[in-house]
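Where a number appears in this text, it was derived from the coordinates with a stated rule and is not lab data. Just so you know, these numbers come straight off a predicted model, no measurement behind them. Don't worry about glycine lacking a Cβ; one is built from the backbone with ideal geometry, like all the others, and counts go over all protein chains shown.
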Amino acid sequence: MITITNRQRTIKVDTKQFKADAQKILELLGYPDYDLGILLTTNKTIQRYNRDYRTKDKPTDILSFPYHPDLKAGERIVPESEEDKNLGDILIALEYVKKDAPNWNQTFEQRMRVLLVHGICHLLGYDHILDTDYEVMKKQEELLLKKLK
């Protein structure tokens, strides 16, 4: 089940479409019945999480907290129980996204979709620390984004 919690009231977001996009991504990846939590929040809240979990005391657009943190990119989750059918949680700061979207030549909605794909990829072990990891992740993201349209 996909759970979206909107803890900010400043920026309008179509949560129904966002949830539908998330469900389609999970289906494309072969995890249609897995849990995913999405928190739409403020810069202040995401800054606190970024500071506490990444020691970066500044706001960011998205943070991902995988339920299966040892999963490697391309590996499949093999659930041992119903509880294991969980991808994790994503936090997105809508203020940050709205301000940052023009820097990517994207609308707010386009940027939100890109970040949703990006965050879910992180939950599935994809990363961009090394250039080679970045290329693998970027390829997966582009494939998913094409199929979302």
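Structure data summary
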{"read-out": "Helix-only [θ]222 nm of the chain, DSSP H runs n ≥ 4, -39500 (n - 2.57) each, per residue, nearest 500", "value": "-14500 deg cm²/dmol"}
{"read-out": "Among the listed pairs K16/K44; K12/K56; K19/K85; K99/K146; K58/K139; K16/K147, those beyond 20 Å (Cα-Cα)", "value": "K16/K44; K12/K56; K99/K146; K58/K139"}
{"read-out": "Neighbour count of at most 14 Cβ within 10 Å plus DSSP loop: longest GluC sites (Glu not before Pro)-free window in the chain", "value": "1-74"}
{"read-out": "Contact order normalised by residue count of the stretch 41-141, Cα under 8 Å, 6+ apart, percent", "value": "31 percent"}
{"read-out": "Order of V78, V117, V13 - criterion: other Cβ atoms within 10 Å of each residue's Cβ, fewest first", "value": "V78, V13, V117"}
{"read-out": "Kyte-Doolittle mean at least 0.5, axial Cα span of 18 Å or more - DSSP H helices of the chain", "value": "108-123"}
{"read-out": "Choice from R111, R54, R76 with maximal GNM fluctuation in the chain (Cα, 10 Å cutoff)", "value": "R54"}
{"read-out": "Local electrostatic count at Q8 - Lys and Arg +1, Asp and Glu -1, tallied over other residues with Cβ under 11 Å", "value": "+4"}
{"read-out": "Listed residues I129, I38, I90, most fluctuating in the chain (Gaussian network, C-alpha, under 10 Å)", "value": "I129"}
{"read-out": "Summed residue charge, Cβ within 12 Å of T132's Cβ, Lys/Arg positive, Asp/Glu negative", "value": "-2"}
